[in-house]
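Shown next, in structure tokens, is the structure this report addresses.
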Amino acid sequence: GCPRRSCWRRHVGPARVQVATPLHRIPVFARAGAFLPMIDPIERSKDYSTRELTVHHWPDASVSDSRGRLYDDDGARFGSHQSDAHEIVEFHSRQRGDDLTLRLNRRGGDYPGRPEQRRITLVLHGWTEAPRTLLLDGKALDQLAGTRVHHDRRSSQLRMEFDWQGESVALTLSPAQR
């Protein structure tokens, strides 16, 4: 069985997989290396903001490089994608041996409501052990002010929270020694 809130199973495809889907627990399938940026639920689109952004990532040894993007604008103006009134937040993951490097970068212009800073929660799925080292631009992440790191062995998730000003940053993880 799976833990109450999360389950990580690897399927190699193409394949047909049969999964129980009770209404209170709908499965989500993600390809190896996928990024899924999310915000907390909102009731109205005018409440949309990426100031607090959760990025789920499914690293896998079968994918040495993967990329994802988030397009963001003010949500009100037509044609923002054709002007400089938007931004693209880029996610890049590179796996070399057991080490994983994740990069965040932003490009684009300015627009009303663009967050000057984001609270990033990065969730790595399938991470079975707490990392031996976890560095943000060469500095130990758990030693930086305002950061939190939590590994949940039961769900195989590593959760890292930090403030991001939009500059290009690299997060480097080395697994526990075996």
Next item on the list: Go through region 132-156 and count every residue that is in contact with a strand residue (DSSP E or B) (Cβ under 6 Å, 6 or more places away or on another chain) and over 26 Å from Glu116 (Cα atoms).
Entry: 3
Next item on the list: Could you please let me know if Phe78 is of a type in the set (Phe, Trp, Tyr) and free of Cβ contacts under 8 Å to residues at least 12 places away in the same chain?
Entry: yes
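In this structure, does Ala76 turn out to be closer than 30 Å to Glu167 by Cβ and at pLDDT below 90?
Spelling it out, Ala76 is indeed closer than 30 Å to Glu167 by Cβ and at pLDDT below 90.
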Note to self: Among the residues of region 39-68, what is the count of those that are without any contact (Cβ under 8 Å) to a residue 60 or more places away in the chain, touching a strand residue (DSSP E or B) at 6+ places or on another chain (Cβ under 8 Å) and either surrounded by fewer than 17 Cβ atoms within 10 Å (Cβ to Cβ) or more than 18 Å from Gly166 (Cβ to Cβ) (or both)?
What the structure shows: 8
Check: Looking at region 80-111, which of its residues are among the polar types (S, T, N, Q) and modelled with pLDDT under 95?
Finding: Ser80, Gln82, Ser83, Gln95
Note to self: Residues that are open to solvent by less than 20 Å² (accessible area, probe 1.4 Å), more than 21 Å from Pro59 (Cα to Cα) and β-branched (Val, Ile, Thr): list the strands (runs of 3 or more DSSP E) wholly contained in region 83-178 that include at least 2 such residues.
What the structure shows: none
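The values are calculated or read from the model by the stated rules, or taken from the named source; none is laboratory data. The structure presented is a predicted model; accordingly, all values stated were derived computationally and were not measured. Quick reminder, even Gly has a Cβ in these numbers, built from the backbone with ideal geometry, and neighbours come from all protein chains shown. Remember, those area values only see protein heavy atoms, side chains included, never the ligands or the DNA or RNA. Shrake-Rupley method; radii C 1.70, N 1.55, O 1.52, S 1.80 Å.
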